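J.: Got a structure for you, written out below as structure tokens; questions coming shortly.
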Number of protein chains: 2
Amino acid sequence: MTHAAAPATVREFEEKLLEVAASLPKRLKQCADYVAANTDRIAVSTVAEMAEAAGVQPSAFMRFCQIMGFSGYSEMQRLFRENYVGGWPDYSTRLDHLREMGEHSGPRLLAEFVEAGRSSLENLLKSVDPQSLEEAVDLLASANLVHIIGLRRSFPVASYIAYALEKMQVPAMLHSVAGRLDSSAAIRPSDALLAITFSPYSAETLDLVESVRARGVAVVALTDTAVNPLRKMGATILTVSEVDFGAFRSLSATLCVAIALSAAVGARRKV
Amino acid sequence: MTHAAAPATVREFEEKLLEVAASLPKRLKQCADYVAANTDRIAVSTVAEMAEAAGVQPSAFMRFCQIMGFSGYSEMQRLFRENYVGGWPDYSTRLDHLREMGEHSGPRLLAEFVEAGRSSLENLLKSVDPQSLEEAVDLLASANLVHIIGLRRSFPVASYIAYALEKMQVPAMLHSVAGRLDSSAAIRPSDALLAITFSPYSAETLDLVESVRARGVAVVALTDTAVNPLRKMGATILTVSEVDFGAFRSLSATLCVAIALSAAVGARRKV
DNA sequence: AGCAAAATGGAACAGATATTCCAAATGCGT
DNA sequence: ACGCATTTGGAATATCTGTTCCATTTTGCT
């Protein structure tokens, strides 16, 4: 009873499950039914837990895995663990490998960054909370003037947003720290501030956010982790997790949010 | 070193992380940073995997768990496994779900832009000619000083490249037309110019390219179609076709090339 | 520079988990 | 009802994972 190759994707898994389920004896059928209804639990449960939940012995569940084409539970579990959250085989180590191999050719690097970008985008839909996004759009759309700050590596994003808002005739002002000028006085209570910052957070951005929050100005933050100094300051947080490797941050996902945010604000204003 | 109660919810966990992160030594800080950026992976990874990804020893990661208030990794993992609400429904269904929302809602737009970005990236590997890319890397890596120009919507890309090159200590200069100053005199024959421009091509960029070409300076162009004014001027052309959504250009693919180009130039220089 | 305290790496240990095997039970055809 | 084939339960085993401990290195202070 050597069953063909093990499913390589979740979809294949589901097809195989369906195909196999009909001709299964009682206990194994229980496994199939439970798995069909709780596919997601495979990634985080032990065989013992799965077996008990399905009402069978661990050994029975084991046999089920083999019938599905895997060598055992561990192999089946790996499929679901890897596919969980974009299923990226982490990039920092892959890029490390690239370095070690001395493989610095442009095309090779490009392929890597394309992959990183694609993963970031897939991941994006999970890491951005729709509700926060709507809230952010509301805040920015109802502001008198939208102030934008983003320094260093966030500057490209900030400048893109400034450009997009300008194109849609949304009043916007891009802040920079050129010449150490402090333009925070330009930010009025009826305005809103959009801050873009990623770890390590630049002090200038944090300072600006803190000072305008103290004056009760609404702040939307586009940032990397849910845990960061901006949360404490009462900003509306949009989280974007991006694959980061030293100086090489693929901004794909971040820019995507930036565009969507700009477009939504523009659309809301027009109505 | 018994720290208070262990966090009982993910939110509590994040708060604790934030609170604790500041006063942590190097290796433990690495753990905190990695966890902050990949909280979701705790549920499906082993200590060994987490430790390696964070770049520390398993024992260091263990200590981190204890500082967070757990008895060990297993207890910390339990929190995330219990709160685990599968990566399912997966990417495509999630996308569909977002699409069902109101016409101009933020999430809806985000879904569209993610799609646009993804297809752009998919096309990218086909539209960029490996040979031209290598040639571009050569030119820029052997230049004395790399000049970068990109205006309006290309400005974010230009500023990103300037930032990346700076980070890698490649001598670079970002040109802008602020104040109508003409800094073309700064471009010497042994330098190279990287021009980023998309239809409609901005006159300032074309002018600059023309004037430096007349002086025999190497020019690399990051642009959209193979047929454009820059080709005639003898520039090395990198073509990026980007999928637009509405009036907005998703810069995903363009930025991807920009990163790869910068990284390759940086790597080439170091050798 | 010299000392004490803190942090770190690595290997040894303990515990849990997956996996296998075989005896007992069940179903099925004659 | 009998015997054969299939299925099942449960305990024994092998492997993998978490955890701890201690020698070594690093850091901070006088």
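The numbers here are math on the coordinates, done by the rules we state, and not lab data. Since the model is a prediction, treat every value here as computed from it, not as a measurement. So basically every Cβ, Gly included, is an ideal-geometry build from the backbone, and we count neighbours across all protein chains shown.
J.: Compute the label-point distances linking A:PRO58 to its equivalents in the other copies; points lie 7 Å from Cα along Cα→Cβ; give nm, one decimal, shortest first.
T.: Copy-to-copy label distances at A:PRO58, shortest first: 1.9 nm.
J.: Tabulate in residue order the Karplus-calculated ³J(HN,Hα) for segment A:189-198, using 6.51 cos²θ - 1.76 cosθ + 1.60 with θ = phi - 60°, rounded to whole Hz; enter x for Gly and Pro.
T.: Using θ = phi - 60°, the values come out as x, 7, 8, 9, 10, 10, 10, 10, 7, 10 Hz.
J.: Over every pair of different alpha-carbon atoms in segment A:125-270, take the mean of 1/r and invert it; report that Kirkwood radius in Å. Could you put the intermediate results ahead of the total?
T.: Working: mean 1/r = 0.0667 Å⁻¹.
Here the Kirkwood hydrodynamic radius works out to 15.0 Å.
J.: Okay, moving on. So if we plug the beta-carbon distance of B:LEU24 and A:SER59 into 1/(1 + (r/R0)^6) with R0 = 56 Å, what FRET efficiency do we get, rounded to 0.05?
T.: Here the calculated transfer efficiency is 0.80.
J.: Continuing with the same structure: Send over the Kirkwood Rh of chain B, from the inverse of the averaged 1/r over different Cα pairs, rounded to one decimal Å.
T.: That comes to 22.1 Å for chain B.
J.: Related question: Along each of its three principal axes, how wide is the spread of alpha-carbon positions in segment A:10-83, in whole angstrom units, largest first?
T.: Largest first, segment A:10-83 extends 30, 25, 22 Å along its Cα principal axes.
J.: Continuing with this model, one more query. Can you figure out the FRET efficiency of A:ARG188 with B:SER184, using R₀ = 45 Å and their beta-carbon distance, to the nearest 0.05?
T.: 0.70
J.: Right, something else. Taking A:ALA186 in one copy and the same position in all the others, each labelled 7 Å out along Cα→Cβ, what are the pairwise distances from the first, in nm, shortest first?
T.: Copy-to-copy label distances at A:ALA186, shortest first: 2.2 nm.
J.: Return the sequence-ordered ³J(HN,Hα) values of segment B:71-83 in whole Hz as given by the Karplus equation 6.51 cos²θ - 1.76 cosθ + 1.60 applied to θ = phi - 60°, using x for Gly and Pro.
T.: 6, x, 5, 4, 5, 5, 5, 4, 3, 7, 6, 6, 8
J.: Using the 7 Å Cα-to-Cβ label point, sort the distances from B:ASN123 to its equivalents in the other copies shortest first and give them in nm to one decimal.
T.: 2.6
J.: Can you list residues from other chains, or at least 5 along the same chain, whose modelled amide H is less than 5 Å from the amide H of A:SER202?
T.: Result for A:SER202 returns nothing.
J.: For B:ILE187, A:ILE196, which order do you get if you count the other beta carbons within 10 Å of each Cβ and list the fewest first?
T.: Taking fewest neighbouring Cβ atoms as first place, the list is B:ILE187, A:ILE196.
J.: Residue by residue, what Karplus-based ³J(HN,Hα) values in Hz, rounded to whole numbers, does segment A:111-116 have, using 6.51, -1.76 and 1.60 with θ = phi - 60° and x for Gly and Pro?
T.: Calculated HN-Hα couplings, in order: 4, 5, 5, 5, 4, 4 Hz.
J.: Here's another thing I want to ask about it. Sequence-distant or interchain residues sharing an amide H contact under 5 Å with B:ALA221, placed H: which?
T.: Those lying under 5 Å, H to H, from B:ALA221 are B:ALA195, B:THR236, B:ILE237, B:LEU238.
J.: Which order do B:CYS256, B:CYS31 fall in if you start with the one that has the fewest other Cβ atoms within 10 Å? Walk me through the numbers before you get to the answer.
T.: On the way: B:CYS256 29, B:CYS31 25.
Lowest count first: B:CYS31, B:CYS256.
J.: Taking 8 Å as the Cα distance limit and 6 or more residues as the minimum spacing, I'd like the relative contact order of chain B as a percentage.
T.: 17
J.: Then there is this: Give me the base-10 log of I(q)/I(0) for segment A:137-218 at each q in 0.13 Å⁻¹, Debye formula, one uniform scatterer per Cα, rounded to two decimals.
T.: Evaluating at q = 0.13 Å⁻¹ gives log10 I(q)/I(0) of -0.36.
J.: Dipole of segment B:141-232, Cα-centred, from +1 at each Lys and Arg C-beta and -1 at each Asp and Glu C-beta, to the nearest 20 debye?
T.: With only Lys, Arg, Asp and Glu charged at Cβ, the dipole is about 80 debye.
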